[in-house]
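The values are calculated or read from the model by the stated rules, or taken from the named source; none is laboratory data. The structure presented is a predicted model; accordingly, all values stated were derived computationally and were not measured. Every residue, glycine among them, receives a Cβ derived from its backbone with ideal geometry; neighbour counts consider all protein chains shown.
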C-alpha cells in the first residue's frame, strides 16, 4: 500500500468514528450502519472494510470515550484542589448526560454494548471514589457525605428527563448545581460558589 492510500484509509477511519460518535450520541447505539455511512458521506462497504461488524464500530466509539474519561479523571486526581476537582467532575458528568445521551446507556452499563468496557467502568468508579475521599479529607465536602450519597446524586442526574431535550438540559445542569451545593462543607456554603452555573461550556465526562 502506498503512503496516500494508507493516509486516506486512516482519515476515513477517524472520520467514521467521529461521525458515529455524534450519531450515536444523538440517536442511540441502535442506529443502523447504513445511516452512519450516509452521514459520513461514504459507502456501506467502506464502513465494513474498517469495521467488519457493527459491534466493532460501536466498540471503537466507546473506547474513544473511555480514553477521554480516563484522561479527565486522572487530571482531576492530580488537581491540587480536591473540591475544585470533584465539583468539576460532577459538572462534566452532567454535561455528558446532555450532549452524549445516546452513548450514556453503554457507558453507564445498562446497554449490552457496555459489556466490552465493564472493567474500565469499574476502574473509573474506583477513581471517582478516590476523588470523593480526597475532597472529604481536605474538608471540602460535608463530613457525613458518603460515596453512595454522591452516586445516588449522579444516578438522579443520569436518569432525569424533563420533556424536550432543551428542558432536560436545563434541568440536568440545575440538578448538578444542587448536588454540588448539597455536598459542600458548611464553610463553603457561606460564600458564593462560582461553579454553580448552568453553562454548557464544561468538558465531557
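Return the only residue of 145, 179 being part of a loop (DSSP other than H, G, I, E, B) and modelled with pLDDT of 90 or more.
145
Kindly indicate which of 127, 121 is touching a helix residue (DSSP H, G or I) at 6+ places or on another chain (Cβ under 8 Å) and at pLDDT below 95.
121
Does residue 146 count as out of contact with any helix residue (DSSP H, G or I) (no Cβ under 7 Å at 6 or more places or on another chain), loosely packed, with under 14 Cβ neighbours inside 10 Å and more than 28 Å from residue 187 (Cβ to Cβ)?
Answer is no for this residue.
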